[in-house]
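Chemist: The structure that follows is given in the form of structure tokens.
What follows draws every value from the coordinates through simple rules; no lab data is involved. Values in this document were obtained by computation on a predicted structure and should not be read as measured data. With ideal geometry, Cβ positions are generated from the backbone for all residues, glycine too; neighbour counts draw on all protein chains shown.
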Amino acid sequence: MPRPRRAQHCCRETALFSMANVRHLILLLLYCDGMNTVPVIKDKRDKPVVSYTRDSVVLECKLKYTPNTWNWYKANNTEKELINVTANPLNYKIFNNGNRTKLTILNLSEEHSGKYICSAVFDIKPSESYIELKVLSYTEPLKPFIAIVVEVIVLVTLILLWEKCSKPQHDSSSAGENDVCSEQTTKLTRDESNGVENNTARRRKLDD
Amino acid sequence: MMEKPKKTQEEEQSPPQIAAPDGGWGWVVVGSLFFSSALVFGLIRSLGVFFVEFVQYFGESAQAVSWITSIGLAMQQLLSPIAAAASNVFGTRPVVMLGGFLSGLGFILASQATSLLHLYLTMGLISGIGWALIFTPTVASVMQYFAVRRSLAMGLGFTGIGLSSFAFSPLFQYLVEAYAWRGALLVLGGLSFNMIACGAVIRPLGKPNVVLKTENSSKLNKCSSLLSRIYEGFELSLLSHRGFLTYSIALTFFNAGYFIPYVHLVAHSHHIGFTEYQAAAVISVTGVVDILGRVASGWFSDLGKMRMPHMLVVWTGLLGLSLMLIPAAVVYSGLIVVSLMYGFCAGAMTPLAFAVVPEIVGMERMLGALGLLQLIESVGGLLGAPLSGWLKDHTGTYTVSFIAAGSFLVLGTLVTMTLPYFWSCMGPPPPSPPKRKSQDGSIEGGLLTQTLSSNSAPDTLCPLNDIPYSDKE
């Protein structure tokens with residue numbers, strides 16, 4: 001879990017200077033501790049959480065200590081907007097359980113994409129962490145899927161065609177092969193003494 | 001493609017079996033086995049990435065989610081006889097193509113799942129049925145295409161599993177990060193459709209067994225011909241074949257012990273005190289050596305210096321030994337050495353375990369035998385892993401589990417030694433005067449083996465000039 005190193009150093013140096021007043025020191029140490037413990041997003045991968053429209057997603061934050069309360073914000077460019085569950089009970093649900101909090105967003109749409117901030121409110125200062133949510137439409141994975149399916153169809157067709165082409169004339173009864181390729185091979189392998197009559201008969205058969 | 005005119009000539013003479021081309025288009029079928037085994041077993045091995053997602057999304061326990069793989073694997077093994085029977089009736093190509101379609105369909109439907117039950121039914125059941133329809137017929141086709149270099153072909157085909165285990169984990173991770181698990185499952189369904197192409201490549205070498213047999217016999221009435229079709233399709237006559245029953249018991253024991261290290265090696269490494277990276281290095285090394293073992297064993301076995309059952313016994317004995325040595329390795333270098341031995345032997349025994357089947361039951365019944373064997377050996381797999389887990393829970397360490405796994409393998413080795421014709425230097429005699437013309441046209445060769453097998457030498461290791469493998473069809 002990434003701890004902000006700079007804050008730690010800053011806290012230690014400030015603490016040394018305040019040794020005179022023990023009460024101040026204690027408050028300062030508590031403050032430093034709260035700063036060092038950044039809430040941990042469960043299974044955070046440094047990559048955005050992905051979900052789909054009309055699906056639901058759960059964002060979770062965990063901390064070592066239990067804060068007074070949890071708040072969730074959505075970041076709009078530079079400002080934070082508090083997520084108010086009572087105003088939007090259909091879309092948002094917040095479940096706080098001691099040192100954990102879960103934000104469930106239902107009925108996702110593309111506007112829900114963006115940065116979400118979970119804020120653990122302590123006496124001294126709130127502790128925050130963020131996670132990014134990306135909402136995709138269903139067409140996104142469909143593109144590689146359709147590409148692969150097309151590739152499979154082309155491959156199967158090529159394989160079956162190649163087999164029909166490279167087979168020497170099996171017997172005349174298997175005239176279901178209506179390929180240009182097999183027509184050519186049958187023309188080449190039948191003896192040339194057969195007249196046009198035979199060719200037209202074959203073509204009529206192949207047209208079936 | 002020099003073999004094709006020869007093949008059509010032989011088909012017109014209509015012998016029951018076609019001589020194996022041993023090359024040419026056969027290598028394309030090996031490629032098909034490569035991709036099929038990669039997309040079936042390599043896929044199954046790398047599904048762990050999804051399980052993390054499922055646990056988080058559905059809120060279920062890891063054990064409930066792991067049932068998905070269990071159901072899929074169980075379907076693949078239990079339905080193998082049906083796949084073999086269908087191939088006997090319809091030919092392998094349509095069966096494998098249908099299997100490819102079903103396995104893809106299962107994943108596509110799974111991407112729409114709203115509960116864990118949906119995943120059981122789609123990823124587990126439907127895809128499992130698809131995998132069953134793919135694996136056994138493809139393996140049988142490779143064995144039909146090769147006689148002399150059968151083990152090498154099998155070994156090369158199975159390397160797909162090892163290589164895909166390396167490639168799929170990062171790929172799946174990327175897919176899940178880019179498209180979430182729903183999109184990733186959809187793309188994987190598309191990837192599984194490639195097995196339809198793998199099936200299209202398997203050109204039939206002759207008419208399917210059941211079609212041939214019912215054509216040759218006269219149909220009395222529809223009912224008895226249907227029953228006889230079922231009987232022939234499933235090759236149920238094998239259940240009274242002593243060699244087959246012996247081998248199926250041996251395979252069950254092998255299966256009980258074989259998978260345990262895959263499940264427990266990482267945990268055991270952690271338990272002893274090695275770091276995550278060290279444990280991962282052990283697994284990677286084992287995987288690489290596994291691939292080498294498959295190819296090397298296939299190549300060596302085709303040289304013909306030792307009979308296949310003897311080689312199988314050597315590899316499984318060494319495998320059992322190395323399993324029992326794993327708990328004894330407390331130093332990291334020792335663990336690496338033992339894991340190398342384990343990986344190599346585990347890979348080495350795989351192509352032989354399949355390639356020895358035609359030698360026991362004959363080429364004609366090979367397909368049905370493979371199906372039934374998979375069904376019977378699944379019992380071993382289903383019992384082995386939970387048993388070792390239970391042992392670990394009761395004793396606290398993995399030592400007893402590994403020793404139990406090793407002893408299962410040694411037990412299987414001992415059972416293999418009771419195979420008929422095991423202690424003879426020559427293989428079992430061919431079933432009857434050859435109905436088929438093998439590549440050497442050896443009617444004389446067939447008579448020669450019959451006279452030779454009557455005076456069987458009791459040595460386990462045989463002299464170099466053994467009978468040519470082409471007679472073992």
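Chemist: Fewest first, what order do B:Tyr179, A:Tyr73 take by the number of other Cβ atoms within 10 Å? Each step should come with its number before you reach the end.
Modeler: On the way: B:Tyr179 22, A:Tyr73 17.
Listing B:Tyr179, A:Tyr73 from fewest to most nearby Cβ atoms yields A:Tyr73, B:Tyr179.
Chemist: Per-residue mean of other chain beta-carbon atoms within 10 angstrom of the beta-carbon, peptide B:167-179?
Modeler: Average per residue, whole number: 2.
Chemist: Turning to a different aspect of this structure: Which of A:Lys64/A:Lys134; A:Lys47/A:Lys80; A:Lys80/A:Lys125; A:Lys64/A:Lys102; A:Lys62/A:Lys134 have a Cα-Cα distance over 24 Å?
Modeler: Working: A:Lys64/A:Lys134 27 Å; A:Lys47/A:Lys80 21 Å; A:Lys80/A:Lys125 16 Å; A:Lys64/A:Lys102 15 Å; A:Lys62/A:Lys134 21 Å.
Violating the 24 Å limit, Cα to Cα: A:Lys64/A:Lys134.
Chemist: Based only on other Cβ atoms within 10 Å, what is the fewest-to-most ordering of B:Leu125, B:Leu188?
Modeler: Final ranking by Cβ density, sparse to dense: B:Leu125, B:Leu188.
Chemist: Just to check, using Stokes-Einstein with a Kirkwood Rh over alpha carbon pairs, what's the diffusion coefficient of region A:49-138 at 20 °C and 1.002 mPa s in µm²/s?
Modeler: Stokes-Einstein gives a translational diffusion coefficient of 159 µm²/s.
Chemist: While we're here: What average count of beta carbons from other chains do you get within 10 Å of the Cβ of residues in A:48-56? If you can, show how the numbers build up before the last one.
Modeler: Details: counts 2, 3, 9, 5, 5, 0, 0, 4, 1.
Per-residue shielding by partner chains comes out at 3.
Chemist: What list do you get for B:Trp27, B:Trp131 if you sort them by fewest beta carbons within 10 Å?
Modeler: By the 10 Å Cβ count, ascending, the order reads B:Trp27, B:Trp131.
Chemist: Here is a further query. Over all residues in A:139-148, what is the mean tally of Cβ atoms on other chains that come within 10 Å of each residue's Cβ? Walk me through the intermediate numbers first.
Modeler: Details: counts 0, 5, 12, 5, 2, 8, 12, 1, 2, 10.
That average works out to 6.
Chemist: Something else: Taking amide H positions as placed in the peptide plane 1.01 Å from N, state which residues far from A:Leu136 in sequence (5 or more) or on other chains have amide H under 5 Å from it.
Modeler: Under 5 Å from the amide H of A:Leu136 lie the amide H atoms of A:Ser51, A:Tyr52, A:Thr53, each far enough along the sequence or on another chain.
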